[in-house]
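K.L.:
Let me give you the structure first, and then I'll get to my questions.
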């Protein structure tokens, strides 16, 4: 990955899917704690993918059962640990008589070919009739007794723990028990012996080597581990041998024996052929050295975090497909309703417009309010309550295509204080817009407009100069709009939600003017000048749209968007001048010269946008669930700029900003924060385990940073000469690209 893409990749993918692979934790078996909140433990069981297998989670210290569940049709499981539990856990996944498994060996012996739901397959993997031989990629019943294990640690504060069970993790669990090692020590030993980069064996993603998409999405470490696991079983005599209680395939001392190790080279070569992969399997038996000067728990989490970042692009691509599909659904709704929405909306707002006209009529009548009687203004009844000094207006538009009611009451004063309540619906052949009860608009304020125009007059070769001016001022102490809306189209697509807006201290002014000099027989040139001026001030304000889109084709999607500001002040002034010489004795323009200038300024304590949405990630993680994303972008500061056609552009001031993207699902979290500075920009990426990737991006695009956990640095991040971002691990000096 190039340095210019590191920020884009982490921010973009985090905003979409972030922690689709939850990272757990390793550590010690010395003690357990059971106070506080509960964590979710989840993972995948693969030898190959195990379906409908029994999952039991044990306290590794006491063998007490902490949770029980079963794997789904993708081999995934999820369970909740007791509240506040902290300590090592052992997960055992055991096949029962009804469990299914996907064969990931060159052959899994004789048996009945099945579908993933347990029904008999009508064709084998090659498309022919079932032949009673279980080939690579076919589903069958392996029989009861086949067991996978994984040893991991749940740390205080972990919202989610990942524990994937494979032949390699089973070997690590057995090795820990035989040698009194911690989960981190045992997983590191087996991972390093297998030639993997990461020591976080328990959290390394599982790859289904019989599935093209899974292989395409896999990192090198994950694919190498998957082929190694299958090769160990293949070389040890197949699945029946592996399922034995004393199987050589689950013994580190046998598989990697210095005297007669298993022939993993031949087995992996055969598996690469049937799987269409080029995975590397380390068949050496060199003594593995476990780092002793580093916290293995922290290092394991840091390496799992890097693996998680690598997976970002994979998951973002998949979720992008979901988002694209949903965008297509929204486009379908828009396409269906676009032709009629404006017409329907105009009919709906006509009731509000009628009320506005009635209010204007009442405020401008010159009759004595004490003698005011109910009147009709364009068919709208207006009444006056002398006891309260309140005018009441009600407009109802009732026709074949719409039935809308708008009502308000207000007092006559220098400012308007009114609340309009709305209800009803408007429809066409393809779209219906409905306002639920409680929808309405309230405002306190005054709007004034002033216009002054001088029309040029012609007489005997002379022309009076033109002078026009226009100005408008709006001052609103408060405005509040709440609409509950249902929009449906003829294809059963819909949006159900709410639109809300609130402003306080709104002050807006706009003016423009134009003038030109008088022209007579002695005039040699004509000069025209136009000026524009506008300003907007908002004490505080917010606009929120939230609701659910439902597509008949793509399902539903919930989302909300909120824009807010405080102490917002924006102004703009511009002037344009043109002088043209007149051809002597005529009114024909000759040479012209012009100049223009403008000045803009902006300041705000804060301008913020918050976007929240959910993305369905069923099948992408061990938990069939939804990712909830909240993205916040904030800008603040002040800036002014001016332009003159002679002197050019100048500016001063500074706008600073930051962005925060927070993603959560089932206890997992990933938070990306990005701050724009004058000389450099900084970013941090933190997952639910507290591992932090801190980055600094200089103005020249170069990137540097560190990966840390619990205030301890484990790796440095830099940019190499090829523009790739490199990670250099502190404990062994090894370098890998991100």
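FYI, it's all coordinate maths here, none of it is from the lab. Remember, predicted model here, so these are calculated numbers, not experimental data. Here Cβ is always computed from backbone atoms with ideal geometry, including for glycine, and neighbour counts include all displayed protein chains.
K.L.:
Could you sort 75-88, 241-254, 219-232 so that the peptide with the highest average Cβ count within 10 Å comes first and the rest follow in order?
P.N.:
Ranked from most to least packed, the peptides come out as 219-232, 75-88, 241-254.
K.L.:
I've got another one for you. What does the convex hull of the Cα atoms of the range 25-310 come to per residue, in Å³, rounded to a whole number?
P.N.:
119
K.L.:
In addition: State, as an integer percentage, the relative contact order of the range 190-279 based on alpha-carbon contacts under 8 Å between residues 6 or more apart.
P.N.:
Relative CO of the range 190-279 lands at 24 percent.
K.L.:
What does the highest-first list of 264-272, 692-700, 467-475 look like by mean Cβ count within 10 Å?
P.N.:
So the order, starting with the most tightly packed, is 264-272, 692-700, 467-475.
K.L.:
By count of other Cβ within 10 Å, fewest leading, how are 688, 731 ordered?
P.N.:
731, 688
K.L.:
Using mean Cβ contacts within 10 Å as the protection proxy, how do 206-213, 604-611 order, highest first?
P.N.:
206-213, 604-611
K.L.:
Follow-up. Tell me the relative contact order for the range 633-738 as a rounded percent, counting alpha carbon contacts under 8 Å between residues six or more apart.
P.N.:
12
K.L.:
Something else now. Quick check: the distance between the Cα centres of the range 165-230 and the range 495-544, to the nearest angstrom?
P.N.:
Centre-to-centre (Cα) distance: 66 Å.
K.L.:
State, as an integer percentage, the relative contact order of the range 25-310 based on alpha-carbon contacts under 8 Å between residues 6 or more apart.
P.N.:
Relative CO of the range 25-310 lands at 19 percent.
K.L.:
Sticking with this one: Rg and Dmax of the range 223-272, Cα atoms, in Å?
P.N.:
Computed over the Cα atoms of the range 223-272, radius of gyration and Dmax are 10.2, 28 Å.
K.L.:
Taking Cα centroids, how far is the range 471-493 from the range 106-147 in Å?
P.N.:
59
K.L.:
Moving on to the next point. Please quote Rg/Rh for the range 97-224 to two decimal places, taking the Kirkwood radius as Rh and restricting both calculations to Cα atoms.
P.N.:
Rounded to two decimals, Rg/Rh equals 1.04.
K.L.:
Taking the Cα centre of each part, how many Å lie between the range 66-103 and the range 665-738?
P.N.:
For the range 66-103 versus the range 665-738, the Cα centre distance is 33 Å.
K.L.:
How do 549, 589 line up, fewest other C-beta atoms within 10 Å first?
P.N.:
589, 549
K.L.:
Further question: Ranking 68, 113 by Cβ neighbours within 10 Å, fewest first, what do you get?
P.N.:
Fewest to most other Cβ atoms nearby, the residues stand as 68, 113.
K.L.:
Another question about this same structure. Can you give me the convex hull volume of the Cα atoms of the range 526-613, divided per residue and expressed in Å³? Walk me through the intermediate numbers first.
P.N.:
On the way: hull volume 14.6 nm³, N = 88.
It comes to 166 Å³ per residue, whole-number rounded.
K.L.:
If I stretch the segment between residue 294 and residue 468 completely, what's the gain in nm (0.36 nm per residue apart, minus their alpha carbon distance), one decimal?
P.N.:
Length gained between residue 294 and residue 468: 54.8 nm.
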